[in-house]
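Student: Questions regarding the structure given below will be posed in turn.
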Amino acid sequence: MTSSELTARLNTERQAVETLYRAFSEKNPDLVDSVLSADWDDIPLAPGQGPGPEGIKPIIRSFGEAFPDVRIVIHDMIQVPGQIAVRAEITGTHLGELFGIAATGKKVSFRLHEFHTLDGERVVTTWHMEDWFGLFLQLGQFPAQA
């Protein structure tokens, strides 16, 4: 692979990951269709989340309803061909139900760490960890246990 081919691949992969986050900020779930592989593996799945790109779309919608002003700020991206690590922060005002917690009107900020594998164009696997504990502390309550 030439250096220009490598640069092009890295740029394409980076844009794919940035578009995934943009789908949340723009509240546009269909953006994931162009950047997630058809068999994208999201680890771990959220409660009730289905597999693949179609499985994340209801999550994007519900997050946009819970936080209409949601913003994801990427603080760091570390990349090698086929892999990108992200450290980001999610902010927003809790104006809609989230995990059964009624709107509190509170402004929140919580951390996100993700590791993505890519095939040169699309994200094929995402391992993620969000600071849900920190979010629920800011909201002053935790989801009800099933």
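Student: Just to confirm my numbers, what's the Cα centroid distance between the range 65-84 and the range 1-63 in Å?
Tutor: With the range 65-84 and the range 1-63 each reduced to a Cα centre, they are spaced 10 Å.
Student: Divide by every residue of the chain the summed helix terms, -39500 (n - 2.57) for each DSSP H run of at least 4, and state the resulting mean residue ellipticity at 222 nm, rounded to the nearest 500 deg cm²/dmol.
Tutor: Helices in the chain give a 222 nm mean residue ellipticity of -10500 deg cm²/dmol.
Student: Sticking with the crude label model, points 7 Å out along Cα→Cβ, report the distance from Thr2 to Asp30 in nm, one decimal please.
Tutor: Between Thr2 and Asp30, the label points sit 3.7 nm apart.
Student: For Cα pairs less than 8 Å apart in space and 6+ apart in sequence, what is the mean separation divided by the residue count of the chain, i.e. the relative contact order in percent?
Tutor: Answer for the chain is 23 percent.
Student: Is the range 3-139 best put as rounded, prolate or oblate by its Cα gyration tensor, with a ≥ b ≥ c the root eigenvalues, rounded for a/c under 1.5, and otherwise prolate when a/b is larger than b/c, oblate when not?
Tutor: Here the range 3-139 falls in the prolate category.
Student: Residues with amide H under 5 Å of Val123's amide H, sequence separation 5 or more or different chain, H placed in the peptide plane at 1.01 Å from N; which?
Tutor: Leu36, Ser37
Read-outs: derived from the displayed coordinates by stated rules, not from any lab. None of the values given here were measured: they were computed from a predicted structure. As a convention, Cβ positions derive from the backbone with ideal geometry for all residues, glycine included, and neighbour counts pool all protein chains shown.
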